[in-house]
Amino acid sequence: DLNVPLAICDKFTNAQNLTEIESRNDKENDPFRSKYKARELLREIYCSLKNFEAGEGEEEGGGESGEQRPTEQPVDGQREDLFGQGFSGDSPAGLRAARLGAVEYYLGVNHVDTEELSAGQEHLMNCMKLLERCRVSSPNVSLFIQVRNQLGILWAGRDETETAQGFLETAESIYQRYMKEDGSPPTDMTEYFAAEENLLTHQERIKRFELAYTHTMYYLAQVYKNLGQTERAATYCHTTLQRQLQLNQFTPMEWALNAATLSQYYITKGRYMEGRHCLSAATVISDLAGEVPSEATESERREHLRQKRAEIARCWIKYCLNLLQDAKKQLEDNIGELDTDRQEELKRARRREEEEEEKGRKSALLFGSEDTFDSIASIEEKAKDYFQMDGYVTDHIEILQDHSALFRSLAFFEEDLERRCKMHKRRVDMLEPICNDLNAQYYLMIRRQLMFELAETYNEMMDLKLALANRQADTQSLDNHTIKKFNHLCSASAKYFQMFLDSLCSPEGKFPERLEEEVLRPALVARFRVARLHSRLISTSPTVQLDNLNKSLENYKYVVQYCEANPEAGAAVETELELSKEMVGLLPLKINRLNARMDSNN
């Protein structure tokens with residue numbers, strides 16, 4: 001019989017109302033007012049229960065003994081079999097222990113909520129001691145699990161992760177064994193203090209019990225993450241998200257952000273099917289969100305939702321970017337071009353995988369270009385719109401860099417050279433205005449990244465334009481329009497490489513004698529590229545040609561001389577150094593021939 005005096009039931013209902021509802025309205029200068037009132041009622045209930053059940057066993061709990069730190073295993077570990085020893089849960093002694101244990105549990109949670117952790121721990125451990133007298137069964141299994149959940153949270157909050165792990169893993173094993181050996185809808189703790197007509201339905205009991213176990217899964221995911229067990233943490237996080245959806249117990253935006261975060265783990269492991277599934281779910285569930293703390297204004301609420309949806313959109317960009325970059329690694333040949341034979345081979349293998357492993361599930365479009373980008377363009381724009389330059393400078397630039405990298409990866413798969421060139425032009429259009437607008441003093445490192453990327457992008461466009469012109473021309477000669485376009489791209493690339501090099505100079509404009517390790521390779525590569533670009537500029541004027549060749553030689557010489565003076569630098573630029581040495585030998589001959597021709601024409 002679960003019945004207790006009606007006065008105790010009413011008092012418990014009031015305590016719950018104060019804790020869960022009234023406390024939301026407590027003022028900032030008295031934030032725990034309602035919880036302190038609830039605590040007094042719980043203490044009165046404890047005393048009433050002791051009086052009501054006088055003579056039934058020794059007194060439990062109540063003392064102020066200071067902090068109790070479990071040693072080795074938590075209290076559960078002191079008994080070999082929680083299911084086979086002690087009072088039956090539905091015996092009078094078992095029900096008395098469970099009722100008193102529940103009050104200790106609620107007092108423990110109350111003290112933790114009011115930031116009195118040692119007292120909270122003491123009450124929770126008193127609950128554990130009371131349950132020590134009982135064996136796990138339907139009337140008490142929920143309390144067995146939930147007290148361990150709370151102790152797990154408490155110890156995790158103190159960074160005692162392994163102690164928390166002990167409590168939570170025991171809670172998990174209790175649930176699993178109970179479901180295997182019994183499985184009937186267990187009594188909820190609130191029912192210890194409910195009149196018979198107010199007892200829960202079987203369906204509600206199941207829902208509350210499953211929710212308690214979902215909390216166990218959630219806390220274990222955090223514990224495993226903190227222990228560095230990332231794969232296990234991801235599994236438990238995924239299970240938690242599934243269970244929250246099944247039980248319809250979740251806050252939409254919080255759930256969506258957790259799913260999006262989990263997708264990033266899957267993506268780093270190359271598990272794109274799972275990553276895509278998490279992101280799709282995050283996008284759908286985030287659309288259900290209308291919540292934000294009630295005190296927020298309507299404009300604050302809209303802004304909050306907009307920001308969170310933009311964060312999910314950024315995860316989509318990362319997904320697409322990683323997918324394309326991984327595919328590029330698999331499909332490029334030894335000169336960095338698309339290997340179409342390998343592409344066909346992987347297409348066939350992927351079709352077999354889909355038939356065997358992903359039957360009925362839509363697969364990511366791995367081998368497209370424009371279609372792939374179009375499918376995420378609107379989500380990507382949402383992220384860029386939110387993280388505008390004002391107030392979100394680094395966020396905004398990171399998105400633009402991801403966007404640019406996405407086009408760079410897409411261009412690899414594009415066989416049409418004209419469209420490939422347009423993709424690189426989109427990159428320039430995104431990055432150039434930001435690079436020129438950023439404050440050079442505050443954003444030096446970011447500007448250097450952008451300058452180098454712009455230089456490389458213009459260089460790529462220059463090579464593509466030349467390849468296009470050679471493919472279309474009937475003769476070796478290029479028309480004036482093509483030459484002008486080629487020279488523009490060549491000069492723009494050289495300009496940004498030179499800007500990068502200039503950013504390394506002292507305030508007086510002096511280039512460093514010794515390059516720092518983090519800029520060693522970029523600086524030497526930039527010098528090499530500037531040399532190469534000057535030698536490629538097309539001009540009919542011998543004077544201009546001579547000037548370009550001398551600038552080219554000067555930069556090639558710098559690479560060679562720097563590596564001779566600093567031999568360890570050669571390992572960072574082996575290919576560039578070898579070619580620079582070759583050009584230092586060849587260019588003077590070319591310059592001498594040009595000088596001789598100019599002299600003979602005079």
> Scanning region 566-602 for residues that are more than 19 Å from residue 526 (Cα to Cα) and of a type in the set (Lys, Arg), which turns out surrounded by the fewest Cβ atoms within 10 Å (Cβ to Cβ)?
Replying inline: 593
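Pick from 447, 419, 408: which is at pLDDT 80 or above, more than 25 Å from residue 534 (Cα to Cα) and either part of a helix (DSSP H, G or I) or under 33 Å from the mean Cα position of the chain (by Cα) (or both)?
Matching residue, one of 447, 419, 408: 419.
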>> Given the options 440, 405, name the one that is in contact with a helix residue (DSSP H, G or I) (Cβ under 7 Å, 6 or more places away or on another chain) and open to solvent by 20 Å² or more (accessible area, probe 1.4 Å).
In response: 440
> Of the residues in region 142-166, how many are within 29 Å of residue 36 (Cβ to Cβ), hydroxyl-bearing (Ser, Thr, Tyr) and under 29 Å from the mean Cα position of the chain (by Cα)?
Replying inline: 1
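Residues are listed down the side, and each one gets a yes or a no for (1) modelled with pLDDT of 95 or more; (2) surrounded by fewer than 21 Cβ atoms within 10 Å (Cβ to Cβ); (3) farther than 19 Å from residue 205 by Cβ:
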| site | (1), (2), (3) |
| --- | --- |
| 77 | no, yes, yes |
| 93 | no, yes, yes |
| 96 | no, no, yes |
| 106 | yes, no, no |
| 110 | yes, no, yes |
| 117 | yes, yes, yes |
| 146 | yes, no, no |
| 150 | yes, no, yes |
> Within the set of pairs 6+ apart or on separate chains, which have a first residue in region 166-188 that is in a helix (DSSP H, G or I), a second that is of a type in the set (Lys, Arg), and C-beta atoms under 8 Å apart?
Replying inline: 167/148; 168/148; 170/148; 171/148; 174/148
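Would you call residue 560 closer than 27 Å to residue 467 by Cβ and free of Cβ contacts under 8 Å to residues at least 60 places away in the same chain?
In short, no.
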>> I need the full set of residues from region 229-251 which are part of a helix (DSSP H, G or I) and surrounded by fewer than 18 Cβ atoms within 10 Å (Cβ to Cβ), in order please.
In response: 230, 231, 232, 235, 239, 242, 245, 246, 247
> Which one is surrounded by the most Cβ atoms within 10 Å (Cβ to Cβ) among residues in region 190-226 that are among the aliphatic types (A, V, I, L, M) and more than 37 Å from the chain's Cα centre (by Cα)?
Replying inline: 194
> All but one of (1) part of a helix (DSSP H, G or I); (2) over 23 Å from residue 551 (Cβ atoms) hold for residue 519; which doesn't?
Replying inline: (2)
>> Exactly one condition in (1) within 28 Å of residue 145 (Cβ to Cβ); (2) touching a residue at least 40 places away in the same chain (Cβ under 8 Å); (3) of a type in the set (Gly, Ala, Ser) is false for residue 275; which is it?
In response: (1)
> Would it be correct to say that residue 452 is out of contact with any Asp or Glu (no Cβ under 8 Å at 6 or more places or on another chain), modelled with pLDDT of 90 or more and closer than 22 Å to residue 395 by Cα?
Replying inline: yes
>> Looking only at residues that are buried (at least 22 other Cβ atoms within 10 Å of the Cβ) and touching a Phe, Trp or Tyr at 6+ places or on another chain (Cβ under 8 Å) in region 122-136, which one is nearest to residue 82 (Cα to Cα)?
In response: 136
>> Give me the residue from region 483-538 that is more than 16 Å from residue 447 (Cα to Cα) and among the acidic types (Asp, Glu) and, out of that set, surrounded by the fewest Cβ atoms within 10 Å (Cβ to Cβ).
In response: 508
>> Looking only at region 119-141, how many residues end up being more than 34 Å from the chain's Cα centre (by Cα) and under 30 Å from residue 30 (Cβ atoms)?
In response: 7
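The values are calculated or read from the model by the stated rules, or taken from the named source; none is laboratory data. The structure displayed is predicted, hence computed values, not measured ones. So basically every Cβ, Gly included, is an ideal-geometry build from the backbone, and we count neighbours across all protein chains shown. Areas reflect the complete protein model, heavy atoms only, side chains present, ligands, DNA and RNA absent. Shrake-Rupley method; radii C 1.70, N 1.55, O 1.52, S 1.80 Å.
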